[in-house]
Every structure is written in structure tokens, then in C-alpha cells.
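The block underneath contains the structure these notes are about, expressed in C-alpha cells.
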Amino acid sequence: MNTAVVLEARNSDTAWVLVHVVDSGVRGWAKTTLLKIAPGVSIYRLPISDAQIVPGAGNAVGTPPAPTPGPVPTVVLDRNLTAPILPQITTSMRYQARLIRQKGQQLGNNPAVFSKVGDCMTDYWAFLDPFGYGTYDLGKYGNLLGAIQRFSTPLRDGVPNSWSAKSAAAHNGFNSSAVLDPQWADPSICLKGESPLQCEYRLNKPGIAVIMFGTADVLVMTPREYNYYLREIVKETMDRGILPVLSTFPENLAVREKAKQINQVVLTIAKEKNIPVMNLQAALEGLPNNGIDSDGIHLTVPPEARTAFFSDENMKYGYTIRNLVTLQTLDIVWRELMR
């Protein structure tokens with residue numbers, strides 16, 4: 001209909017927005033995916049609202065839709081779930097990985113390719129990119145050189161390796177809902193109706209997906225909603241013959257309890273699905289300010305931006321630790337589950 005509307009607010013998971021029609025002033029809740037958002041407009045910057053829209057006075061009839069429903073997390077949210085920093089490979093995990101790998105082979109996935117799936121913490125030059133450009137020094141972790149070489153396989157024309165590849169499924173501002181929503185896909189590379197996650201998997205045919213969400217999620221959704229979306233991400237990844245490798249996220253110190261609950265959901269899903277998980281949060285504990293920058297959200301970067309130089313001094317910074325833990329995890333996953 002090409003009816004112009006003004007965006008006023010959103011519900012907590014951004015699935016619905018409160019709008020009013022420019023010409024008539026009629027207000028109501030609209031499904032986000034049915035709107036064509038103007039360039040430069042960010043729905044995530046809208047205030048969260050639970051406004052009740054009642055008949056009369058030019059208003060549409062309706063109430064604010066509840067967040068997208070999903071199963072209640074099986075995790076007991078007041079209990080401290082724990083996991084080692086690096087994945088512990090079990091017999092059940094090997095069996096699950098074999099099934100996923102076999103399906104991936106049938107679909108043409110490349111076990112020497114991985115995709116990065118996440119938010120601003122992942123869509124950042126400091127995370128893994130240095131390994132792809134050769135700007136690293138493994139120091140005492142020289143045994144990990146084989147992993148760097150293994151995943152330096154070209155993805156497709158113009159994309160030399162997984163480390164430095166720009167992922168269609170990782171973007172500043174993404175949360176676990178957005179990566180599943182076609183409206184956030186890059187139209188220059190993605191097909192119509194394709195979500196960012198589907199687009200990335202189609203383009204690069206990875207054997208592995210490194211998945212971390214939480215930075216934005218903890219600010220806009222409940223652990224229950226996060227549980228729903230992360231399960232959808234994991235399901236779609238496994239359905240496409242790709243092994244999901246989950247990660248806990250750096251817990252926002254301003255909302256520490258809620259962040260801890262979201263990380264408990266990550267650990268629970270990994271345990272239920274028998275898939276690898278790296279406990280990044282545990283690796284960051286003990287660093288200055290737990291490896292989190294002065295903004296309280298993002299990871300710290302060492303002097304001269306040497307996030308892939310594993311010296312004792314650089315290991316005091318959040319992004320250096322994340323790079324090391326991710327590299328170690330990919331090494332384990334390759335040796336234990338992908339061959």
C-alpha cells in the first residue's frame with residue numbers, strides 16, 4: 001500500500017513497532033517484518049513501549065503484542081551453571097557432530113570453513129581478523145599454527161579465508177532476533193526473503209559456525225526470549241549441516257544478574273544439544289575490569305591493537321583473550337569433531 005508511517009516505539013524483542021500514519025494520524029502496532037524501513041533508521045534505537053491502543057480518537061484497535069513466544073528455558077536461573085573455558089568433548093558430542101558433518105557433506109559444506117555469527121563484539125576488526133592477515137604472534141601457543149592454516153581455506157572468489165571474512169550474519173547492533181529476520185539482511189548480497197543467517201550459510205557453506213550473542217540481547221529482551229531465539233539459531237545451523245560452536249558473552253556489569261542468566265541459557269542449550277561451548281566469561285574473569293572497556297559493554301584492546309599477539313602483557317585485554325580462546329576452541333573442534 002506504500003502508506004507512510006512514523007515509528008514511535010517498539011516492543012521488547014523488536015518484533016512489533018508502534019506507528020502512526022502520516023496522513024490520518026491513526027496509531028497502532030505493526031509487525032516489523034511487514035514494514036519497509038527507511039535507510040539510516042534503526043528500530044533498536046526506539047524506546048520500548050507497552051502502550052495500550054484503544055478505539056476512538058483516531059487510534060487503531062489493538063494492544064501491544066507480547067514478545068515472540070518460546071519455550072521457557074529449562075535452566076534454573078537462580079543456580080550457577082558452570083562450564084570449563086574450552087569445550088570438553090564427550091562421546092555424545094562426537095556422535096552429534098558426526099551426524100551434522102555427514103549432513104553437511106551431502107549439502108556441500110566445507111569443514112575447513114567457519115562462519116562468524118554475532119553482534120558488534122564479532123563484527124569488529126579486533127576479533128579473528130588478524131589471523132587472516134598474518135598479523136599475529138602465537139608466542140608460547142605455537143601449537144595453534146595448524147588451526148590458523150587449516151581455516152585459511154578460501155571461502156569463495158574474493159574471500160581468502162574465514163578469519164578475515166566479513167560475515168553476513170554478524171553486524172553491529174544485531175541481537176539473536178535480528179540475525180533471523182530478513183529485514184536485516186544485506187540486499188547487495190542476500191536473496192529476497194533471506195535472513196542474515198541464511199544468507200551467510202548459503203554464501204560460504206561453512207562446516208562450523210562460531211556463535212555469540214548477548215551484548216545487545218541483555219538490554220532488550222528477557223532470558224526467556226533469548227532462549228527462544230538462540231534455539232532457533234542453533235536449530236537452523238544444525239539443519240543446514242553446520243556444527244554450532246556457542247560462546248558465553250562478556251557479562252555487562254550494569255546488569256550482571258540478567259547477563260548471568262542469559263549465559264546460563266547458552267550453557268544449557270549446548271548441554272542439551274551436545275554441541276561445543278566456550279566459556280568466554282570464565283576466561284575473562286580476573287582480567288582488569290573483567291576485560292571490559294570503560295563503556296561497561298565492549299572488550300578491551302591492547303596497546304597498538306595487537307589482539308593476536310599472545311604476550312603476557314597483551315593477555316590482560318579482553319579481545320586478546322577472546323581470540324586465544326576461540327582459536328583454541330577451533331583447534332579442538334577440528335581435531336576432535338571434524339575429521
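Please treat every number below as a calculation from the coordinates, not as lab data. Small disclaimer: the values here were computed from a predicted structure and weren't measured. Counting neighbours? That spans all protein chains shown, and the Cβs are built from the backbone with ideal geometry, glycine included.
Straightening the chain between Asn290 and Tyr133 buys 53.7 nm, computed as 0.36 nm per residue apart minus the Cα-Cα spacing. What you get for region 86-129, charging only the Cβ of Lys and Arg (+1) and of Asp and Glu (-1), is a dipole of about 400 debye around the Cα centre. Here is the list for region 123-193: chymotrypsin sites (Phe, Trp or Tyr not before Pro) lying in DSSP coil, each with at most 16 other C-beta atoms within 10 angstrom of its C-beta, are Trp125. Checked against a 30 Å cut-off, the cross-linked pairs Lys36/Lys271; Lys36/Lys166; Lys103/Lys271 give Cα-Cα distances beyond that limit for Lys36/Lys271. Between the alpha-carbon centers of region 264-292 and region 104-122, tell me the distance in whole angstrom. Taking the Cα centre of each part, region 264-292 and region 104-122 sit 20 Å apart.
Projection of the Cα convex hull of region 76-225, averaged over all directions and equal to a quarter of that hull's surface, yields 11.3 nm². Rounded to the nearest 20, the size of the Cβ-charge dipole of region 91-337 about its Cα centre is 940 debye, with Lys and Arg at +1 and Asp and Glu at -1. Dipole magnitude for region 259-339: about 360 debye, using +1 per Lys or Arg Cβ and -1 per Asp or Glu Cβ, origin at the Cα centre. Which of Met93, Pro196, Leu253 sits closest to the plus end of the dipole of region 91-337, meaning its Cα is farthest towards the positive end, when Lys and Arg get +1 and Asp and Glu get -1 on the C-beta? My answer, from the dipole projection, is Met93. Comparing Cα centroids, region 126-152 and region 297-339 end up 9 angstrom apart.
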